[in-house]
1. Under the √(5λ) rule applied to the eigenvalues of the Cα gyration tensor, what semi-axes describe the equivalent ellipsoid of chain B? Give them in Å, descending.
2. Quick one: which residues, 5 or more positions from B:Tyr97 or on another chain, have an amide H under 5 Å from its amide H? H modelled 1.01 Å from N in the peptide plane, none for Pro or chain starts.
3. Points 7 angstrom from Cα along the Cβ direction at B:Ile206 and A:Lys153: gap in nanometres?
4. Would you work out the relative contact order for chain A, in percent, from Cα pairs under 8 angstrom that are 6 or more residues apart?
5. If you wrap a convex hull around the C-alpha atoms of region B:174-230 and split its volume per residue, what is the figure in Å³?
6. With θ taken as phi - 60° and the coefficients 6.51, -1.76 and 1.60, list the Karplus ³J(HN,Hα) couplings across region B:104-116 in order, rounded to whole Hz; mark glycine and proline as x.
7. Per q in 0.29 Å⁻¹, report the Debye log10 I(q)/I(0) for region A:1-57, using one uniform scatterer on each alpha carbon and no solvent.
8. Mean residue ellipticity at 222 nm from the helices of chain A, using -39,500 (n - 2.57) per DSSP H segment of n ≥ 4 over the full residue count, to the nearest 500 deg cm²/dmol?
Amino acid sequence: MKIITWYGILTIGDDGVTECEPFNKDVDELAELLLQKDVVAYSPGSGFDIRTVAIECGFVENDEEYNSLLRDVSIRAAKLQISRTNTPDMQIIQAVEALDDIDDVVNVLSERLSEWYGLHFPELGLSSEPLVRFVSEFGSRNNVPAEHPMFEKATSSMGSELPSADEELIMGFASNACELYDSRHSIEASIVRNMEKMAPNVTLIAGSLIGARLISMTGGLARLSQLPSSTVQVMGANRALFKHLRGRATSPKHGIIFNNPLVKNSPWWQRGKIARALAAKISLAARMDVYSGELHPEIKVNLEKKVNFIKAANPKPPVKQKPAGKGYKGKNKGGER
Amino acid sequence: MDVNEISEGIFEVRKGGKKILATKNANPGSNVYGENLLEEEGEEYRAWDARRSKLAAMVLKKMKVPIKSDSRVLYLGAASGTTVSHVSDMLPNGIVYAVEFSPRTMRELIQLCDTRSNIVPILADASRPKLYAHIVEQVDVIFQDVAQPNQAQIAAVNAGQFLKEDGHLLLSIKARSIDTVANPSKVFKEEVNKLEKDFDTQFKIIKKHDLAPFHEDHLGLVAKKKLKEN
Ligand SMILES: C[S@@+](CC[C@H](N)C(=O)[O-])C[C@H]1O[C@@H](n2cnc3c(N)ncnc32)[C@H](O)[C@@H]1O
């Protein structure tokens, strides 16, 4: 029987070790070997002491050398493992989280700006990014040029004047928020790029941002590929619920794939069915991305066929069943015609 | 200030009427997690806060820590190395295998390993000892602090693979990681029962003590393997 140890391969006979094939005594090589996948199949039996054999077969001279070599090798190996867990999908997960962080912050900032700038130009009617860009560009409403669509409103505003010291403050505040929006756009662009490289099929089916969110929520592409599609369909629903509670989003009942245009742009009675078909194809696409990484455009073709079929089979909203039972005040109970 | 060795490698430093638990700094001049450094007779000690370490709490609860200067220790659930660093201090001629499965946490542990000569970091799941049986030798002590529902099983499979016949298991059991609502003493009783009977490797409990007020709802435990009778 052969077993693997960090320093070599041992052959075990009836009365102990019969052969020892040590590896090269090189820290980098030993570290790579330490991380082999099939160690479990060749692992030393319970109670087998690998240290004594290492010294007996002359791989190391004594306990001190054993300790210091093993320490160096395992530190090197752990560092390798860590750098390998920094995979493209980890980058994507961090990027998605960063987007959410920025959203939280810019929301707070732009709400503040809206209140603050509203003292001076209450008629502006802009919010979030357009508001922030406007303020950082013009400052006081007196600087809005004649050809600007807001010029009329600016010249007739009932807001108070903005002293130049305050103008400087408020423009600085707005330009900080602008930079966050800029950063948001470049993070989004990098997600799009990375998704195309790493998960071309998921990107094709779900779209890069929704795909990235799915990967982020599951903790990686490999895990996404293992989930049943019924889970994919509702993923993000509770998150949406929390956002909804904070007044930031609509449609708390559905998973994030409901933001996909195929679902979103369909009439409400088809959405559930289309979402189910979409989720099934996303699961398939994730498996393709994990196993081959090549683009399979036919998944999209099949999805579109399926969607068209659903649309053709459900052209009209279903007639709502009248709820029967207590509390219903209709004249006829459901069922008869 | 005077110093009293209360167990091999573990000291009580008296300073201004206070007793401070400490270990002798194996990397003089630097601390690891913000703990105080204490000078005495040309030796440097690192203060060891029982609120931040189950093992330190066990020491203060007068549980005998069977670690010697040349012990080989397997530490399961090393986290970023707060306690591992003190174990490392206790082992001038020994070695500690530090198993941790979170890569994020391992990143910090590796920084500690770089400054110490006796810590072997292992990024692996402690419930699968075969994943590191090619690295870890037979050990004198297993210390385990993983805060997982299957912690009794983790202790059993690791002791089966790695613990010497006369070696010791030191275990910290966190009631809430097993059952968030049940009464802790009931949870502890069940866990002890599992350790004594449930697995291939069975334990004889030598000492147990709850770790309050340092750690609420935690039980500290010292055990040995029951020798197989055949
Ligand atoms: C309570 S903390 C340990 C604190 C540490 N003993 C100290 O005092 O510095 C528990 C640690 O165990 C790790 N852990 C949990 N389950 C594990 C497992 N199955 N294998 C390896 N590590 C695990 C966790 O990631 C966490 O870092």
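The values are calculated or read from the model by the stated rules, or taken from the named source; none is laboratory data. Since the structure is predicted, the reported quantities are computational estimates derived from the model, not experimental observations. Here the Cβ is made from the backbone with ideal geometry for all residues, glycine too, and neighbour counts use every protein chain on show. Keep in mind that these areas ignore ligands, DNA and RNA; they rest on the heavy atoms of the full protein, side chains included. Shrake-Rupley method; radii C 1.70, N 1.55, O 1.52, S 1.80 Å.
1. Value: 28, 20, 17 Å, ordered largest first.
2. For B:Tyr97, whose amide H was placed from the backbone, the distant partners under 5 Å are B:Val73, B:Leu74, B:Tyr75, B:Val120.
3. So the label points at B:Ile206 and A:Lys153 sit 7.8 nm apart.
4. Reported as a whole number, the value is 12 percent.
5. 75
6. Each residue of region B:104-116 in turn: 4, 6, 4, 4, 6, 4, 4, 4, 5, 4, 4, 9, 10 Hz.
7. -1.37
8. The helix-only estimate for chain A comes to -19500 deg cm²/dmol at 222 nm.
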